[in-house]
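All remarks here apply to the structure that follows.
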Amino acid sequence: MLRIPCPWCGLRDEIEFRYRGDATAIRPAGDGGVDAFFSYVYERDNRRDWHLEWWLHTGGCRRLLEIERHTLTHEIRSVRDSAEALSARPAAAR
Amino acid sequence: MSGPEYPGSPAELPGVRVDECTMGVVEIIARPGRAGELVEIARGRGIELPTFGRIAYSSDRLALCVRPDRWLLLLAPPAPAASGPDRVDWWESAAQAGAAVDQSSAWATLLLAGPRSREVLARGCRLDLDPLLFPVGLAAATIMAQVPVILAAVPSGLLLLTSASTARHFREWLAAAAKPFGLMPQSIISVADLCRSESG
Amino acid sequence: MRGPARIVGGWGVDATRSVQFSFDGRRMQGFSGDTLASALLANGVRLVGRSFKYHRPRGIVTAGPDEPCALVDVIGAHGREPNQLATTLALFQGLATESQNRRPSLRVDVLAINNLMARFLPAGFYYKTFMAPGWAWERVYEPLIRRAAGLGRLDAIVPAHATPAESVHDHADVLVVGAGAAGLAAAQVLGATGLRVLLADQDTVLGGGTLLDARWTRWRESVCAQLARTAAVRRLPGTTVSGAYGHGVYAAIQTLDPAESAAFGGMRERLRVIRARRVLFANGAHERLIAFPGNDRPGVMLAGAALAYLRRYGVAVGRRPAFFLNNDEAYESVYALTAAGICCAGVIDSRPRSLAADRARDMGIEVHAGAVVEKVYGRHEVRGLGWAARAGGQRHKLEADCLLMSGGYSPATALASQLGAALRWEESIAGFVPELSPDLGQAAGAARGHCGLAAAAHDGRAAARVIAAQLDCAVRVAGADADAEAELPPDPEATPISALWEVRCRGKAFVDLQNDVTAEDVRLASREGYEHVEHMKRYTTHGMGTDQGRSGGLVGSAVLAEARGMPLATVGLSRPRPYSQPVPLAALAGGETGQHFKPKRRLPLHDWHESAGATFVPVGLWLRPLVYARQGGWEPVLAEAGNVRRAVGITDVSTLGKIDVQGPDAARFLDFIYANTFSTLPVGRARYGIMLREDGMLLDDGTTSRLGPQHFLVTTTTANSAAVLEHMEFHLQATCPQFDVVLTDVSEHWAQFAVAGPRAREVVAAVVSAADLCADAFPFMAVAEARIGGIAGRVFRISFSGELAYELAVPARAARAAWVALLEAGKPCGIRPYGLDALNTLRIEKGHVTGAELNGNTSAGDLGFQRLLKRNGDFIGRTLAGRPGLAAPDRLQLVGLRPVDPAGRLRNGTQLIDASERGASLGYVTSSTPAVALDGWVGLALLARGRQRIGTRLLATSPIHDEHTEVEILSPHMLDPENQRVRS
Ligand SMILES: [Zn+2]
């Protein structure tokens, strides 16, 4: 079981969260075309490594969190609110 | 939790009370980037909107914040005819900064009191309820008995808000969990009762 | 005299309080404080069961939870509970137990023939033998195996929820597992820092190894008294930590003492879910068996168990014990039994010399050094043994009535391994020790290979200091600490262990007593290619019993290592998983059983519906009125639905999801979330909308109303209300955070009713004030705030039934008043409530879709919504919905259908095939109902090239029901395709 340190609510059990997918997948612009959207929706590396993920804290603050988790050990290295995560990204990636 | 070890027999168990509160609830939501403005307007009207994870209360109302830039304001119950923003008389001046939504019917409110109430809640609450870590003044949203619950440590005990549709389920679960601790019959109390100190 | 017996009063039993119990029908007496095992031994009972595979006679091997053999059935008021450990089962008045795995009786067991057939029952026997023919499995093999194998019987297991259970959530800074010398010393140090400590021990008395050494009594009592005064330290005796899950989460099973059990309504076990910042494993070591022929004979026990039975229960496990050992620590049992006046038959020590052997000789005990046991005499009990020098040579016979073995001690590494700790081979103890990441915690004492109580206590303190420093808590009483250390009784000087795993001779030498795995089985596994320790484990079942192979696990690995010619350090141990001890399922379920199993969501009007005679149906978590009748069948449903078509009905649709959307960008946000356009919707109007997933498939549908220029109210389907809210919240935070919008879930606040039927306007007009409801002023899809029976609410002119209809929303607390007002007002019009079945009948006739059609595999085009997709602007799912495959003509498309024969019926799920071709399925029926406005049955279906097939005939076939109905394919808009009724 994961325990996720929500930047708002503190350390909480996994049961309070809903996994919302790969946070490195950036939605293409609306006119990005089928290939870009296909890649956005379906193509995943499934790496054994650190991984950025979206988790929605449905059982707590209901904020969307960007979590850096190791897919092998489940260790969680960093957690931040989506607003902070998105503002830290280069404009092109938003 | 630093509750006492379990004593030997039911006779030694001090009671736990579960009371039902009737109240009006207004959900106040700040628009993106306008939370500070909203808090100031409210303060000007004598309403303290607390920071995240805390409660603020006066004699007849209690505000709590378990979602960033959102508050639940608990007041005396509304008249059946009332609805919407007219529940908050200062609202007109704040409307640009956010929204106020009547949620009076959305929540059922219970007050759990008694020296062992935190032990009772540990049967379903995954949060650390040590009085040092969750003292009076704190609030949190979590899941208990498989349903969302908002929990606040108020002067009179532990306030529990649960969705109206799951209120009976949650009440039955709480009663079952509290039974070995000597559950006492419930009564109906008001917002003002929440803010008085626990009598024991 | 022979055999085991009570010789003195041990510290753990109260000889003034006798307790009656029975075993296999024999009535016996023990003392309060006894376990079943100690009481059986005190009564001279040695044979307690038959083994799993060979049905060999078995006795008690250990004095605790590591027990592989002494498993019994407990016969209680609620039935038979199998696999209870005699060695931990506390004796109580009237306890009735039976031995397991024997037929017809323990002494005469017909399946003991398996023992003679052993060469035909090798490891992997089941894999090899019960292969083919396939038909034989169900009829022959399985019944045969089930009868012959298995432990205990589950015939009359405790009736549902007979015993209450609960789970409790605990939090601590440090979880100390084990309260022996190391654990107590660590808790003492941690307690002085103010850190919150949970000290859990599986024993009902704290103390571990110190309980068996009188020199340690004073220290133990003083530490326990100090801990009892330390508020931050919570002691949990009788609590077994059985799983470590990472992220600081541990599961423990607490056995309630009788008084607490009574206070909790007879509850026996409680699941504790412990969350701790650090763990300190001070859970000791497991004494190992030695694999030699006959090492499973009743009377062959672990040496440490004999010490426990003597000191704790006052029971001598034999009157003439012999010992077979390879370490100095086990000599403690030799000395203790001798001091108790028991005449020792002799000690076989595999080492050439040792300090402990010298001390034994000084006491007059005969020690045969450099020797091993090759044979055990006796069938149902030990009568003697044959030993010989390790180098070989003549075998000597020694008369004895029990044989106490000790192959050394393996640190308890299972929990640390569950946390991913590596195991390091430690030659000095001939065992593996855990290497736990300091971020997780520490291991201390015997759990880290430190022999001796004083060494363990020192190690426990050191580990506690490391943890305290990590958690930024200074140890305040360093001085007092030093004094306490001075008081520790010193450990005796010892000669190191010399590894001895197996004595290879003729006869079965077991490495796993519970699963009947011999050393030879391990070699066979290796020869047959199951060389890896994990493969060997699964092939032989070594270590897969309830005891998890604690006493023989390392021995099996050692035999495997020798067979493979590899170092034991490389072969390693098989990796344990939770649970490291058997855990009752009832304890895992906790309180979430019966009515608490799953939450039930109740409507604001639940009680009204109930009193009106509704039959409820679970829909997701909701309980919804299915029909206002207690009897089944279609008649009451059709009466309700017919009343809507003819006059007027009212139904509770409060389960719909409702999301309040406000802000300057509310319209733009909804345009992005929905496939259709909401920015063009006028204030005071509602619009039907569909939303897609990003892959282009339909996610949900519903009506959205514009309450103000920047204020919308979205409704979702009941089933998707949570998913749609999450979907919107996710996108608002992840993909379109620039929108100035706030979302609020108002589903619970609003009760909502549909009033539908040709006379709906009359009813609604009678209760709704301040709104002109005439068709022109309040047309189809109009929305207004209004007072409903005096209650502030909203009126929507929307229809799911296909009739003239209004939906009325009021705050849930006022639901009853509004509902009753509507029923009163509707009386002259013949208003009746209708349930979910009637609602379904009406919407199927009209061709409206629900979850059966919005099933995650359908696109907008499939359901005929292509025209709703907006041309301009981005929205979720837009691009991928345009993929050619999602609009391909051979996709399954929504159609209506009815049987050609008016008396025919339809059934959901039946496949549609072309009768002339009898080919593959072309689609299937998603919804069906007897019609009320139309004739016979009608249904909806998803059908390949469905729209092209309208007007043709197909066969609806359900081979398992042997139903084959010719159907006519229709447009899904079967009733009033011009929508005249809803607009009237
Ligand atoms: Zn949170």
- Item | Under 5 Å, built H, 5+ apart or other chain: amide partners of C:G420 | none
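Quick one: if the Förster radius is 45 Å, what FRET efficiency do C:R527 and C:T230 give, using the C-beta to C-beta distance and rounding to 0.05?
Details: r = 57 Å, r/R0 = 1.27.
Rounded to the nearest 0.05, the efficiency is 0.20.
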- Simple SL model, points at 7 angstrom along Cα→Cβ for B:E172 and C:V683; separation in nm is 4.6
- Query: By how many degrees, between 0 and 90 and to the nearest 10, does the Cα long axis of helix C:217-229 differ from the longest principal axis of chain C?
  - Reply: 20
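Please sort by residue number the GluC sites (Glu not before Pro) in segment C:491-553 whose DSSP state is loop and whose Cβ has at most 12 other Cβ atoms within 10 Å.
For GluC sites (Glu not before Pro) across segment C:491-553 that sit outside H, G, I, E and B with at most 12 neighbouring Cβ atoms in 10 Å, the list reads C:E493.
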- Message: Per residue of segment C:627-643, what does 6.51 cos²θ - 1.76 cosθ + 1.60 with θ = phi - 60° give for ³J(HN,Hα)? Whole Hz please, x for Gly and Pro, Karplus curve as stated.
- Response: 7, 8, 6, 8, 8, x, x, 7, 4, x, 5, 5, 5, 5, 5, x, 5
- R0 of 51 Å, Cβ-Cβ distance C:E785-C:H964: FRET efficiency to nearest 0.05: 0.40
- Counting only DSSP loop positions in segment C:827-899, the trypsin sites (Lys or Arg not before Pro) whose Cβ has at most 11 other Cβ atoms within 10 Å are C:R871
- Message: Expected output is a single nm value to one decimal: the length gained when fully extending between C:S611 and C:T593, i.e. 0.36 nm times separation in residues minus the C-alpha distance. What is it?
- Response: 3.8 nm
- Task: Give, as ranges by residue number, the residues of segment C:493-515 whose backbone N falls under 15 Å from the point 7 Å along Cα→Cβ of C:R361.
- Result: C:495
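Taking a threshold of 21 Å on the Cα-Cα distance, which of the pairs C:K846/C:K870; C:K375/C:K537; C:K375/C:K508; C:K600/C:K827 fall above it?
Where the Cα-Cα span goes over 21 Å, the pairs concerned are C:K846/C:K870; C:K375/C:K537; C:K600/C:K827.
As an exercise, identify the trypsin sites (Lys or Arg not before Pro) in segment C:483-555 lying in DSSP coil whose Cβ has no more than 11 other Cβ atoms within 10 Å.
Details: sites: C:R504, C:R506, C:K508, C:R523, C:R527, C:K537, C:R538, C:R550; in loops: C:R504, C:R506, C:K508, C:R550.
When the trypsin sites (Lys or Arg not before Pro) of segment C:483-555 are filtered for loop state and at most 11 Cβ neighbours within 10 Å, C:R506 remain.
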- Message: Between helix C:721-734 and chain C, what is the angle of the helix's C-alpha long axis to the longest principal axis, kept within 0 to 90° and rounded to the nearest 10?
- Response: 80
- Taking the Cα-to-Cβ direction at A:M1 and at C:R379 and moving 7 Å from each Cα, how far apart do the two end points lie in nm? 5.3
- Pop the C-beta distance of C:K397 and C:E426 into the FRET formula with R0 = 56 Å and round what comes out to the nearest 0.05. 0.95
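Cα convex hull of chain C: mean projected area in nm², to one decimal? Each step should come with its number before you reach the end.
Numbers: hull surface 198.7 nm².
Its average projected convex-hull area is 49.7 nm².
Restricting to Cα atoms and excluding each atom paired with itself, what does the Kirkwood estimate give for chain B in Å? Each step should come with its number before you reach the end.
Details: mean 1/r = 0.0573 Å⁻¹.
Averaging 1/r across every pair of different Cα atoms and inverting gives 17.4 Å.
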- What list of ³J(HN,Hα) couplings, whole Hz, do you get for segment A:7-24 from phi and the Karplus terms 6.51, -1.76, 1.60, once you set θ to phi - 60° and write x for glycine and proline? x, 9, 9, x, 6, 10, 6, 3, 4, 7, 10, 10, 5, 10, x, 6, 7, 8
- Task: For segment C:889-983, take the alpha-carbon Rg, divide it by the Kirkwood Rh, and send me Rg/Rh.
- Result: 0.97
- Please work out the ratio of the alpha-carbon Rg of the protein assembly as shown to 2.2 N^0.38 Å and round it to two decimals. 1.10
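Multiplying the sequence separation of C:Q29 and C:A723 by 0.36 nm and subtracting their Cα-Cα distance, what value in nm do you get?
On the way: separation 694, 0.36 × 694 = 249.84 nm, distance 6.23 nm.
Value of the extension gain: 243.6 nm.
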- Could you work out how far helix C:453-470 tilts from the main Cα principal axis of chain C, as a 0 to 90 degree angle to the nearest 10? 30
- Zone of C:R2's modelled label, taken as backbone nitrogen in segment C:291-315 under 19 Å from a point 7 Å along Cα→Cβ: C:294-301
- Separation between the C:K870 and B:S93 pseudo-spin-labels, each 7 Å from Cα along Cα→Cβ, expressed in nm? 3.8
- Note on the structure: In Å, the C-alpha Rg and Dmax of segment A:1-64 are 14.5, 40
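Hey, what number do you get for chain C at 222 nm if only DSSP H runs of n ≥ 4 count, each worth -39500 (n - 2.57), divided across all residues, to the nearest 500?
On the way: 28 runs with 234 residues, N = 984.
Result for chain C, helices only: -6500 deg cm²/dmol.
Readers should treat all values here as calculations from the given coordinates under stated rules, not as data from a laboratory. Note that this is a predicted model, so its numbers are computed, not measured. Positions of Cβ are generated from backbone atoms using ideal geometry, with glycine treated the same way; all protein chains shown enter the neighbour counts.
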